[in-house]
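Colleague: Supplied in structure tokens, the structure appears directly below.
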Amino acid sequence: MPQKSATIDGVLLNYRDVGNGLPVVLLHGWGSEISSFSRLERDLSAGFRVISLDLPGFGSSAAPPGAWSLFDYCHLVEHFLKFLNLAHPVLIGHSFGGRISIVLGSRGIAGKLILVNSAGVPSKKSLIYYCKVYCYKSAKFCLRILPAQLQARLLERLQQQFGSSDYRNAAPLLRQILVKVVNEDLSPLLPQIKVPTLLMWGDSDQTTPLYQAKIMEKRIPDSGLVVLKNAGHYCYLDKPQEFYTIVNHFLSH
């Protein structure tokens, strides 16, 4: 599909804009890009105007000028919507894109929300997690006595060993952003979302487990949860036809 570009907040963005009708904006997850939405974009564009963009630092969009916070990303998306003259579009946010959708939804910017395996509710931390954090911090402290060059090499090894896959695979700037974003608790914003909200989740999601969806459903006033069986964190890829059918019904009513 043809791609376009625009400079928003000083960042060159890559995006696609296809179809006609009610505007639907697709916001991808961390480490992903607009190509992950290709089938959904194709299916939805038969009845809706579908806009998808590579968030800064991902796909073909430029990296942010610094270590952005979640709210910097939210400001950019809000300004992008204004650039396209989109008033109260539907926002479909997956994972990290769900974080952005929650913030914008709480500000009354969206007409409807679809949160797909969305991040935003704190994860329950296991004893193993706390042990890993303690070991990492202790080892990092001990490295301070070493020469700077050796310290940097060993610190990278520590980060590869103890960091999440998202952290390990990210460029240095995106690592700084991920550390800021990953533990951001958006629970206080959930009751402020006053628009119809559909929660779509895979029952086997290990990244944002199903209990987080149930918390969101309880706290967002006008919301409903649909759980797709035998689907994981990318439920829209695992069960594309079921996902599209449910989303199309939600958007059409």
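The numbers here are math on the coordinates, done by the rules we state, and not lab data. Note that the structure is predicted; figures quoted are calculated from it, not measured. FYI the Cβ positions are ideal-geometry reconstructions off the backbone, even for glycines, and counts take in every protein chain you see.
Colleague: How far is the Cα center of the stretch 58-80 from the Cα center of the stretch 233-253, in Å?
Modeller: Between the Cα centres of the stretch 58-80 and the stretch 233-253 lies a distance of 27 Å.
Colleague: Per 0.36 nm of contour for each residue apart, how much would the distance between Ala171 and Val226 grow if the chain were fully extended, relative to their Cα-Cα spacing?
Modeller: 16.4 nm
Colleague: Give me the net charge of Ser187's neighbourhood, meaning all other residues with Cβ under 11 Å from the Cβ of Ser187; Lys, Arg count +1, Asp, Glu -1.
Modeller: Combined, the nearby Lys, Arg, Asp and Glu give 0.
Colleague: Net charge near Leu84: determine it from the other residues with C-beta under 13 Å of the C-beta of Leu84, scoring Lys and Arg +1 and Asp and Glu -1.
Modeller: Net charge around Leu84: +2.
Colleague: I'd like the FRET efficiency for Lys214 and Arg144, computed as 1/(1 + (r/R0)^6) with the beta carbon distance as r and R0 of 41 Å, rounded to 0.05.
Modeller: Step by step, r from the Cβ atoms, then E = 0.40.
Colleague: Using the structure shown, list the pairs from Lys124/Lys180; Lys112/Lys194; Lys4/Lys180 with a Cα-Cα distance above 20 Å, or answer none.
Modeller: Violating the 20 Å Cα-Cα cut-off are Lys4/Lys180.
Colleague: Just in the stretch 205-253: which trypsin sites (Lys or Arg not before Pro) are loop by DSSP and have at most 15 other Cβ atoms within 10 Å?
Modeller: Taking the stretch 205-253 and a limit of 15 other Cβ atoms within 10 Å, the loop trypsin sites (Lys or Arg not before Pro) found are Lys229.
Colleague: Under the Karplus relation 6.51 cos²θ - 1.76 cosθ + 1.60, θ = phi - 60°, what is the ordered set of whole-Hz ³J(HN,Hα) values for the stretch 70-75, x standing for Gly and Pro?
Modeller: Whole-Hz 3J(HN,Hα) from phi for the stretch 70-75: 3, 6, 5, 4, 5, 4.
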